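Report on the following structure.
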Amino acid sequence: MHIDHYLGTWELVPELSLYETGTPPACGRYTIAESAPGVLTLHVRWQTEPDGPVHEVAFGGQADGTPHVLPALPDAPAHGPDAHTLTRVDAHTLDSAALAHGVVIASARRVASKDGALLAVVQEQTDVTGRRTRNFQVYRRIASGSAAAISGQML
């Protein structure tokens, strides 16, 4: 059995994160859990202001690179994603991609440090004008392990 070092709950280190697009979060928490062998759930919560509203996104599926259809949302933009993929690259690296009509419109790579204390995330996306942008985030581990060990540990 392999141990994936990116599994766990992570707290954003805002002062080490760089954003080309969007409002940088003041705080955030990222949970990556394995609910069954090879099946992952990712849950991200963040606030752009310390006392502001909480934003969140969750998605998951088999980490084998196959597309997973996203549910249609009534307020989703026409150019938004309709599917996503998750790919386990190795014990430290997890990739994902957001697709619209089979075309990758955004991607992310998560890499856990060798000691398992930090998680670096690079997100790349194409805006509606066709411009590619990147955001880079650093997270510090606050909990590790299985879905049972990290449930309920959100902002």
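Of all residues in region 33-55, those being without any contact (Cβ under 8 Å) to a residue 40 or more places away in the chain, more than 20 Å from VAL111 (Cα to Cα) and surrounded by 12 or more Cβ atoms within 10 Å (Cβ to Cβ) number 3.
Please state which one of SER107, SER113, SER151 is modelled with pLDDT of 95 or more, closer than 17 Å to PHE59 by Cα and out of contact with any helix residue (DSSP H, G or I) (no Cβ under 8 Å at 6 or more places or on another chain). Exactly one of SER107, SER113, SER151 is modelled with pLDDT of 95 or more, closer than 17 Å to PHE59 by Cα and out of contact with any helix residue (DSSP H, G or I) (no Cβ under 8 Å at 6 or more places or on another chain), namely SER107. Against the criterion of being touching a Pro at 6+ places or on another chain (Cβ under 8 Å), closer than 26 Å to ALA63 by Cα and aliphatic (A, V, I, L, M), LEU42 does not qualify.
When TYR6, TYR30 are checked against the criterion of being touching a residue at least 24 places away in the same chain (Cβ under 8 Å), closer than 19 Å to VAL111 by Cα and assigned to a loop (DSSP other than H, G, I, E, B), TYR6 stands alone in meeting it. The number of residues in region 9-27 being touching a residue at least 60 places away in the same chain (Cβ under 8 Å), in contact with a Ser or Thr (Cβ under 9 Å, 6 or more places away or on another chain), part of a loop (DSSP other than H, G, I, E, B) and at negative phi comes to 2.
The values are calculated or read from the model by the stated rules, or taken from the named source; none is laboratory data. Note that the coordinates shown come from a computational prediction; the quantities given were computed from them, not determined experimentally. Using ideal geometry, Cβ is built from the backbone for each residue, glycine included, and neighbour counts are taken over all protein chains shown.
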